[in-house]
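K.L.:
Structure provided below as structure tokens; questions to follow.
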Amino acid sequence: MENPNSTDVLMILPRKTIHHPSRLKAGWETDKDPVGLSILIDRKPAARASIEYAREFGQVRPVLRLFEGAIMNQDLFEALASRLAILYDRLPMRYPLYIRFHCDQLELIAKASRMGFVPYFGQWEEKTSDQSEKDWTKVTASLRKIYPQGLEAI
């Protein structure tokens, strides 16, 4: 179960947390297909995401997957995540949506937190609950260094 080489953390978005999609910047548009959503900038693909089902908890659960066409930044993440979270809330599902981040993706973790995603401290396929908590302690310390004024200052 525990994979000491994994440097990923999970965050969960409780149902009905995001009520409105984020505003798109000038020149941005969305492109939906049966399996995901893309953000186009000046009609060129910039970033893509989808909701998939993964077995991270010993059973299949919904996960927000980010596919980077370019560099995924906070604005692209928010545009994709807000729209997919609203679509997910329309599904008759009892589980919250979760997302997996590498511990170094601090900018995206901070944005996800501001949007309503919360850290997952429990056990999952790659971590015990103790390891999840230790990893989040490290991530939180790193966030405090980068954002000394707090995430509200973002």
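K.L.:
Using a 10 angstrom Cβ neighbour count of at most 15 plus a DSSP loop assignment to flag exposed GluC sites (Glu not before Pro), which longest range of the chain is free of such sites? Mind showing how you got there, number by number?
P.N.:
On the way: sites that count: E2, E125.
Counting only loop sites that pass the neighbour cut-off, the longest clear stretch is 3-124.
K.L.:
When DSSP beta bridges are limited to those with both residues in the range 8-153, what percentage is antiparallel, rounded to the nearest 5? Each step should come with its number before you reach the end.
P.N.:
Working: 28 of 30 bridges.
So the antiparallel bridges amount to about 95 percent of the total.
K.L.:
At a Förster radius of 35 Å, what calculated FRET efficiency corresponds to the Cβ-Cβ distance of S142 and E29, to the nearest 0.05? Let's see the in-between values first.
P.N.:
Working: r = 34 Å, r/R0 = 0.97.
Between S142 and E29 the formula returns 0.55.
K.L.:
Computed FRET efficiency, Cβ-Cβ of S129 and D42, R0 41 Å: what is it to the nearest 0.05? Please list the in-between numbers first.
P.N.:
On the way: r = 45 Å, r/R0 = 1.10.
E(calc), rounded to 0.05, equals 0.35.
K.L.:
Same structure, new question: Arrange H20, H102 by Cβ neighbour counts within 10 Å, fewest through most, would you?
P.N.:
Values: H20 8, H102 12.
Least crowded to most crowded, the residues run H20, H102.
K.L.:
OK, next. Below 26 Å, Cα to Cα, which lysines can K32 reach? Residues fewer than 8 away in the same chain don't count.
P.N.:
Output for K32: K16, K44, K111.
K.L.:
Using the number of other C-beta atoms within 10 angstrom as an exposure proxy, rank V118, V63, V139 with the fewest first.
P.N.:
On the way: V118 15, V63 18, V139 21.
Taking fewest neighbouring Cβ atoms as first place, the list is V118, V63, V139.
K.L.:
Measuring from label point to label point, each 7 Å out along Cα→Cβ, what is the K16 to C103 span in nm?
P.N.:
Taking the simple label geometry, K16 and C103 are separated by 3.6 nm.
K.L.:
Under the 0.36 nm per residue contour assumption, what length would be gained going from the current alpha-carbon distance of V60 and M93 to full extension? Write out the running numbers ahead of the final one.
P.N.:
Values: separation 33, 0.36 × 33 = 11.88 nm, distance 1.18 nm.
Here the segment from V60 to M93 would lengthen by 10.7 nm.
K.L.:
Could you give each residue of the range 45-52 its phi-based ³J(HN,Hα) in whole Hz, using Karplus coefficients 6.51, -1.76, 1.60 with θ = phi - 60°, and x for Gly or Pro?
P.N.:
x, 10, 7, 9, 8, 8, 9, 10
K.L.:
Counting other C-beta atoms within 10 Å, which of I71, I41 has the fewest, and how do the rest follow?
P.N.:
On the way: I71 8, I41 17.
Ranking I71, I41 by Cβ neighbours within 10 Å, fewest first, gives I71, I41.
K.L.:
Something else about it: Can you list residues from other chains, or at least 5 along the same chain, whose modelled amide H is less than 5 Å from the amide H of S22?
P.N.:
S82, R83
K.L.:
Under unit Cβ charges (Lys, Arg +1; Asp, Glu -1), what dipole magnitude, rounded to 20 debye, does the range 8-153 have relative to its Cα centre? Show your work: numbers first, answer last.
P.N.:
Details: 22 positive and 19 negative charges, 75 e Å.
For the range 8-153, the charge dipole is close to 360 debye.
We did not get these values from a lab; they are worked out from the coordinates using the rules stated. This one's a predicted model, so the numbers in the text were calculated from it and none came from an experiment. Here the Cβ is made from the backbone with ideal geometry for all residues, glycine too, and neighbour counts use every protein chain on show.
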